[in-house]
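Peer 1: There's a structure below that I have some questions on.
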Amino acid sequence: MYNVTLIPGDGIGPEVTDAVKEVIAAAGVEIDWEEVNAGTNVMEEYGTPLPEEVLESIKKNKVALKGPITTPVGSGFRSVNVAIRQKLDLYVNLRPAKILAGAPTKFEGLDVVIFRENTEGLYAGIEHNVGDDAAESIKITTRKASERIVRAAFEYAQENDREQVTAVHKANILKLSDGLFKEVAEEVAEDYPNIEFNNKIVDNMCMQLVQYPEDYDVLVLPNLYGDIVSDLCAGLIGGLGLTPGANLNDELAVFEAVHGSAPDIAGENKANPIAILLSSCLMLDHLGEETAAQNIESAIEEVLQEAEVLTGDLGGNASTDEITNEIISKLD
Ligand code: NAI
Ligand code: MG
């Protein structure tokens, strides 16, 4: 029995997190979910989209599964998601992007793991107007944050038999900030002589991922590039409905899909639960339940390959409940 914090979130969050509870129970893993909530849905009751009890619960249980959260207008928060990452110092945003068997995509061979720096860069939130007709946003790059994210990428590569780490930047233009990131990456790489290391400029990286996806393995990027490149990879593997993620530090782990609250389809039983299910597989791996994680991932691949029960984003017309039951029916 594991104690895990569950944050259903906004929009399609409750629908897709319900699917996770059902699938994990059907896979035979017992989880005692401690449900707390954040987002626009709790604004009225708590006067804030991020009640303290949410952070306390994550700190206590050390593991959380989080649905997407709509960024509430006028709450003083730029983004509740960014606030959770920054307040808990979840410095790694892990976003694996692998083309699953049967996934609806014309691309082949992509199996990368993205390590996005999660605490600084252009997401530090330091912005101001300069008079009426200009604005400035400040990009923060520190040696400490750069070093720990690059090290996390190399440690992951070592533990998971990955052969290559690519540091992605724009150091040719941002000579100081991205220059520091690149320099730190080169230094850390020296500690891992068995892992091939290379550098790519972010715009070239985007083109390379589309043209030669099979050439890349583990990618490590500053915050903004990581955000953008992970959506690019989501497109390559078949869409946001298939892309899992996790926010990690050395102690805490918050698992969530890459997608948002999808207000256009919320409450209609149309959302694809696969992205958050794959996030829950990362969570099961983290808990040491690798067999259950593999069982769920294989069931998802079988459903994709059969292509009979698929949600709208995957080209079908099944409901969230129908695809969830179909996945459950394929579990060993
Ligand atoms: P979105 O990811 O919510 O939606 C983009 C498009 O993808 C929409 O057409 C949506 O219907 C579709 N989509 C997303 N997830 C899907 C799923 N599981 N199944 C089927 N279709 C899916 O991005 P958008 O519209 O830019 O953001 C909506 C809200 O979500 C915003 O308030 C944003 O701030 C928030 N957001 C939250 C995130 C988080 O909690 N980590 C991440 C991204 C956005
Ligand atoms: Mg994003």
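Peer 1: Does region 79-89 include one or more residues that are in contact with a Gly (Cβ under 8 Å, 6 or more places away or on another chain) and crowded, with 16+ Cβ neighbours inside 10 Å?
Peer 2: Within region 79-89 (the criterion being in contact with a Gly (Cβ under 8 Å, 6 or more places away or on another chain) and crowded, with 16+ Cβ neighbours inside 10 Å), the answer is yes, since at least one residue qualifies.
Peer 1: Is there a residue being of a type outside the set (D, E, K, R), in a helix (DSSP H, G or I), more than 19 Å from Thr70 (Cα to Cα) and under 19 Å from the mean Cα position of the chain (by Cα) anywhere in region 308-316?
Peer 2: no
Peer 1: A further question follows. If we keep just the residues of region 240-283 that are over 21 Å from Pro14 (Cβ atoms) and in contact (Cβ under 8 Å) with a residue 60 or more places away in the chain, which is farthest from ligand 2 (Cβ to nearest atom)?
Peer 2: Glu251
Peer 1: Moving to a separate point now. With respect to Ile149, is the statement that it is more than 20 Å from Phe197 (Cβ to Cβ) and assigned to a helix (DSSP H, G or I) true?
Peer 2: So Ile149 fails the test.
Peer 1: May I ask you to verify whether Lys62 is assigned by TED's automatic domain parsing to the domain that holds Ile300 and either in contact with a Phe, Trp or Tyr (Cβ under 6 Å, 6 or more places away or on another chain) or modelled with pLDDT of 95 or more (or both)?
Peer 2: Spelling it out, Lys62 is indeed assigned by TED's automatic domain parsing to the domain that holds Ile300 and either in contact with a Phe, Trp or Tyr (Cβ under 6 Å, 6 or more places away or on another chain) or modelled with pLDDT of 95 or more (or both).
Peer 1: Mind listing whichever residues of region 61-79 are aliphatic (A, V, I, L, M) and within 14 Å of ligand 2 (Cβ to nearest atom)?
Peer 2: Ile69
Peer 1: Looking for whichever is modelled with pLDDT under 95 and charged (D, E, K, R) here; the options are Glu44, Glu56. Which one fits?
Peer 2: Every option except Glu44 fails the conditions.
Peer 1: Looking only at residues in region 255-281 that are near ligand 1 (Cβ under 7 Å from one of its atoms) and not in a loop (DSSP other than H, G, I, E, B), which one is surrounded by the fewest Cβ atoms within 10 Å (Cβ to Cβ)?
Peer 2: Ranking the qualifying residues of region 255-281, first place goes to Ala275.
Peer 1: Shifting gears a bit: With more than 10 Å from ligand 1 (Cβ to nearest atom), out of contact with any strand residue (DSSP E or B) (no Cβ under 6 Å at 6 or more places or on another chain), assigned to a helix (DSSP H, G or I) and not assigned by TED's automatic domain parsing to the domain that holds Gln86 as the only criterion, which of Leu232, Leu224, Leu284 stands out?
Peer 2: Leu232
The values are calculated or read from the model by the stated rules, or taken from the named source; none is laboratory data. Remember, it's a predicted structure, so these values are computed and weren't measured experimentally. Methodologically, a virtual Cβ is constructed for each residue, glycine included, from the backbone with ideal geometry; neighbour enumeration extends over all protein chains shown.
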